[in-house]
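Derivation of every value follows stated rules applied to the coordinates shown; laboratory data play no part. Remember, predicted model here, so these are calculated numbers, not experimental data. Reconstructed Cβ throughout: ideal geometry from the backbone, glycine too, with neighbour counts over all protein chains shown.
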Amino acid sequence: MKQFLSAADVTDIPALIRSAQDYKAEPYRHASLGKGARIGCLFLNPSLRTRLSTQVAAQQLGMEAIMFNVGAEGWALEFTDGAIMNGTTVEHVKDAAPILGMYFDILAIRTFPSLKDREEDYSERYITQFVKYAGIPVVSLESATLHPLQSLADLVTITEHFREPRRPKVVLTWAPHVKALPQCVSNSFAQWVNAWGAADFVITHPEGYELKEEFTKGATITHDQDAALRDADFIYVKNWSSYEQYGQLLSTDESWMLTLEKLKATNDALVMHCLPVRRNVELSDEVLDSPHSIVTQQAGNRVWAAQAVLSEILQNRKK
Amino acid sequence: MKQFLSAADVTDIPALIRSAQDYKAEPYRHASLGKGARIGCLFLNPSLRTRLSTQVAAQQLGMEAIMFNVGAEGWALEFTDGAIMNGTTVEHVKDAAPILGMYFDILAIRTFPSLKDREEDYSERYITQFVKYAGIPVVSLESATLHPLQSLADLVTITEHFREPRRPKVVLTWAPHVKALPQCVSNSFAQWVNAWGAADFVITHPEGYELKEEFTKGATITHDQDAALRDADFIYVKNWSSYEQYGQLLSTDESWMLTLEKLKATNDALVMHCLPVRRNVELSDEVLDSPHSIVTQQAGNRVWAAQAVLSEILQNRKK
Amino acid sequence: MKQFLSAADVTDIPALIRSAQDYKAEPYRHASLGKGARIGCLFLNPSLRTRLSTQVAAQQLGMEAIMFNVGAEGWALEFTDGAIMNGTTVEHVKDAAPILGMYFDILAIRTFPSLKDREEDYSERYITQFVKYAGIPVVSLESATLHPLQSLADLVTITEHFREPRRPKVVLTWAPHVKALPQCVSNSFAQWVNAWGAADFVITHPEGYELKEEFTKGATITHDQDAALRDADFIYVKNWSSYEQYGQLLSTDESWMLTLEKLKATNDALVMHCLPVRRNVELSDEVLDSPHSIVTQQAGNRVWAAQAVLSEILQNRKK
């Protein structure tokens with residue numbers, strides 16, 4: 001693996017899941033793999049789990065992790081080619097990225113979408129330019145349209161919670177929220193479940209919330225949440241803003257919030273969420289505080305997902 | 001020790017003081033005790049000495065310390081049970097804390113009081129919920145009402161500066177300030193000196209600045225600063241806002257500022273302050289720059305206090 | 001070396017350049033020199049290269065680096081002697097610095113000039129007070145008037161790119177900018193090139209942009225950029241605000257921007273800049289993206305410069 005921006009960078013998803021599980025069983029099994037190596041983690045946006053789990057994963061591989069808050073500790077970067085930089089941006093990614101490539105062995109980046117310009121967001125202009133100019137492996141800590149470390153942790157979580165000799169039914173359901181959120185987690189989860197191919201996958205959301213087909217292709221898509229939830233083994237709850245009417249909050253229909261009542265029609269489904277979750281808006285206390293919820297275990301798995309990815313990049317680098 | 005939120009968590013204060021002194025004599029005596037362990041330090045509020053001394057202490061024990069500025073690097077947390085989170089808080093402590101409990105071996109938290117709602121502040125709702133939901137030992141880096149790492153360093157400082165075969169007279173005196181400050185340091189110092197029981201302890205302040213009796217019980221309390229200072233061996237200078245008229249700045253009476261003149265009536269007293277100190281407001285240059293001041297040594301002892309506490313928690317964890 | 005605030009702290013510049021080159025050839029050649037030592041890096045202002053390269057350098061010497069954002073993670077410091085601190089500053093450097101001196105083995109500080117009060121800026125009041133009160137070696141991460149780690153990296157870059165048996169012609173040229181910048185990088189480069197004495201050194205800028213003579217003395221100074229550039233081997237491009245009309249942006253004359261056309265009269269000159277650079281304002285894309293530009297290698301050399309400096313301080317400390 002030379003970079004980790006999406007499921008497309010992974011040749012063998014089940015093997016990567018197993019690697020994560022192996023690290024979970026034995027965190028320090030490769031405690032010196034990363035000796036003398038450094039990962040630079042650049043945050044253009046806030047992060048809790050991703051930031052901390054990446055630091056933990058790096059440390060368990062014996063690698064140095066250096067955190068940098070781009071806006072607060074540095075300054076605004078320019079991403080437009082040929083820009084006459086007489087405004088508020090202070091440094092071009094063309095100049096910053098190659099230097100980061102000299103300071104670090106792996107570069108990890110968190111950057112959110114604007115939710116204003118769909119074409120720009122979906123071009124993944126920011127992270128793509130870091131890849132282009134850094135000259136070292138780049139790991140996404142969530143980009144404008146995807147969140148692959150989250151999705152890998154999601155598949156690890158499903159794998160470890162499902163022991164039956166059949167395919168699980170996995171449902172991704174839209175949930176209400178008070179503000180417009182990126183489509184990243186949902187796009188990415190859809191992309192990974194489809195690439196994995198080991199689940200019956202249903203996506204449900206109100207009209208107007210269709211995700212980009214590139215990611216959902218292969219899944220059953222329905223606006224009927226009740227039908228979608230029937231016999232579900234796993235329900236991934238997530239809000240996202242509209243892709244069609246880009247970045248808009250079309251509906252905040254509270255009836256889409258998952259309840260214990262709705263879980264009755266499922267196969268005693270386990271409930272997932274990437275967190276942070278707005279309690280009693282996206283997901284009710286009664287579900288989150290019930291044994292159905294595996295959101296904590298899911299977030300815990302972020303460490304092992306990150307460790308599996310960093311490990312594979314480090315091993316590839318040594319070849 | 002399973003947590004470190006107040007003097008009540010310590011069974012043997014003199015032993016903990018000795019442990020701190022042992023680390024001061026030999027910082028790396030247990031350089032691999034914390035190997036493979038991680039402390040996550042969450043800052044909901046600013047910190048200099050506490051932050052840095054905790055990092056230093058962790059490192060000297062071979063432990064990884066990961067710093068996280070909750071507001072700036074993450075987002076606002078919700079602490080109200082059952083909240084409908086449609087406002088500005090993004091994540092509930094119920095969801096964040098258990099995950100931190102999976103990423104770290106020890107969780108350390110800094111959180112200031114609002115100074116607006118006494119009942120809420122004195123319930124220690126924030127740190128208490130981290131304790132409840134994190135499932136790992138929690139260390140206070142100063143909470144709404146107490147600052148135990150400071151107080152332990154204070155007792156280490158008194159111990160190492162007093163060699164006479166009698167009890168020292170220790171005076172905690174209120175000092176003027178330009179803004180309303182928490183009662184934490186004063187509450188905590190009172191609690192620790194009383195629990196320690198090895199000093200004659202006097203608290204002096206203007207009327208209306210009575211601290212909560214729970215912490216001061218056992219001390220002599222007087223509004224007569226001159227009487228209080230007489231024959232003092234140690235004078236702890238600190239401002240705090242009113243507990244009764246909660247969070248109010250009732251008086252900024254400059255005559256309460258300690259001067260060299262006032263020190264004449266003391267037993268050549270040593271002057272302490274937790275820092276940061278507003279020079280020439282809380283304490284005059286003439287005192288701070290005189291040999292009476294031991295504020296630097298006191299702040300230096302923060303490292304050894306933190307190291308003693310982390311060490312005891314690590315040792316308890318290994319059992 | 002007991003501190004590193006300017007070229008004046010270095011007794012043998014060529015030896016320090018060689019040390020940096022040795023670390024570049026073998027980064028981990030002294031991987032345990034800094035074992036058990038800690039550098040505290042205080043940022044009163046933003047930083048990217050300096051911050052990251054210092055962390056990398058420290059790690060490669062086996063030293064712990066602790067970063068602290070003074071304003072964001074702490075509070076405003078007071079630098080005026082005798083101040084009555086009833087305003088917005090919370091802690092005096094007199095109180096903070098000695099404690100940092102107890103927590104760390106080396107203290108590194110980044111602090112920008114106000115550009116409002118020349119006398120104050122050029123007194124280097126901030127970093128000087130840290131030196132005075134910290135009691136440990138202080139390293140400048142850029143101060144009000146100088147940026148020595150940058151300059152050392154600059155000399156390393158010139159040395160490694162020039163192999164002819166003659167003195168290189170090095171030109172420092174002013175460049176346009178949209179905002180008023182400090183004189184630090186230019187002062188410092190001038191000071192170092194002059195102290196090094198191994199180049200023919202020309203400084204060119206519009207009228208009114210004369211740098212302080214203390215730093216430039218020994219260089220040829222001209223307002224004729226074309227004449228200056230003739231036969232140049234290295235061109236250091238940098239904007240600075242006026243020293244005479246202190247902190248003013250007198251001219252933003254675009255004709256001073258370096259172009260490929262202007263490079264024709266040079267000895268196929270290599271172009272340097274400390275970065276961040278405002279593209280197409282200070283320097284055109286055509287130059288930055290051409291083989292003339294060595295700005296990336298130059299910034300890469302920041303690591304080895306920092307490592308050479310920290311190494312010398314550590315070695316001195318062990319004596």
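Over 20 Å apart: what share of the alpha carbon pairs of region B:85-225 falls there, rounded to a whole percent? Of all Cα-Cα distances in region B:85-225, 56 percent exceed 20 Å. Once C-alpha pairs closer than 8 Å and six or more residues apart are averaged by separation and normalised to the residue number of region B:150-298, the relative contact order reads 28 percent. The Cα center of region A:1-48 and the Cα center of region B:34-90 differ in position by 24 Å. Evaluate the relative contact order of chain C (contact order divided by residue number), counting alpha-carbon pairs under 8 angstrom at least 6 apart; express in whole percent. Averaging sequence separation for qualifying contacts and normalising by length gives 21 percent for chain C. If you find the alpha carbon centre of region B:142-207 and of region C:201-270, how far apart are they in angstrom? Cα centres, region B:142-207 to region C:201-270: 60 Å. Over every Cα atom in chain C, the radius of gyration and the widest Cα-Cα span, Dmax, amount to 19.5, 62 Å. Using the Cα coordinates of region A:150-298, the gyration tensor eigenvalues translate into equivalent-ellipsoid semi-axes of 21, 18, 14 Å, sorted from longest to shortest.
For residue B:2, the lysines whose Cα falls under 16 Å of its own Cα, not counting residues fewer than eight places away in the same chain, are B:132, B:318, B:319.
Packing here is the average count of other Cβ atoms within 10 Å per residue, and on that basis the peptides A:84-93, C:179-188, B:50-59, highest first, run B:50-59, C:179-188, A:84-93.
Global size of region C:1-157: 16.1, 53 Å for Rg and Dmax (C-alpha atoms, Rg to one decimal, Dmax whole). The loop-placed chymotrypsin sites (Phe, Trp or Tyr not before Pro) in region C:12-48, going by DSSP, that have at most 15 neighbouring Cβ atoms within 10 Å of their Cβ come out as C:28. With one equal scatterer per alpha carbon and no solvent term, the Debye-computed log10 I(q)/I(0) for region C:122-185 at 0.12, 0.22 1/Å reads -0.49, -1.00. Between copies, the label points of residue C:25, set 7 Å from Cα on the Cα→Cβ line, lie 4.7, 4.7 nm apart, reported in increasing order to one decimal in nanometres. In terms of Cα atoms, the Rg and Dmax of the protein assembly as shown work out to 29.9, 86 Å.
Residues B:152, B:42, arranged from fewest to most other Cβ atoms within 10 angstrom of their Cβ, appear as B:42, B:152. Each other residue within a Cβ distance under 11 Å of residue B:300 adds +1 if Lys or Arg and -1 if Asp or Glu, for a net charge of +2.
Backbone geometry of region A:69-79 corresponds, through the Karplus equation with coefficients 6.51, -1.76 and 1.60 at θ = phi - 60°, to 3J(HN,Hα) couplings of 8, 4, x, 7, 9, x, 7, 5, 9, 9, 10 Hz, x marking Gly and Pro. The GluC sites (Glu not before Pro) found in region B:204-268 that occupy coil by DSSP, while having at most 11 further C-beta atoms within 10 Å, are B:207. Sorted from shortest to longest, the distances between the residue B:254 label points of this copy and the other copies are 5.8, 5.8 nm, with each point 7 Å from Cα along the line through the beta carbon. Note on A:220, C:296, B:204: ascending count of other Cβ atoms within 10 Å places them as A:220, C:296, B:204, the fewest first. Taking the helices alone, the protein assembly as shown has a mean residue ellipticity at 222 nm of -11000 deg cm²/dmol, built from -39,500 (n - 2.57) per DSSP H run of at least 4 residues and averaged over all its residues.
For A:163, B:49, the sequence from fewest to most other C-beta atoms within 10 Å is A:163, B:49. For residue C:221, nonlocal amide neighbours, meaning residues 5 or more places apart or on other chains whose placed amide H falls under 5 Å from its own, are C:203. Between copies, the label points of residue C:80, set 7 Å from Cα on the Cα→Cβ line, lie 4.3, 4.3 nm apart, reported in increasing order to one decimal in nanometres.
Straight-line reach from residue C:169: taking Cα to Cα under 18 Å and skipping same-chain neighbours fewer than 8 places apart, the lysines in range are C:217, C:238, C:262, C:264.
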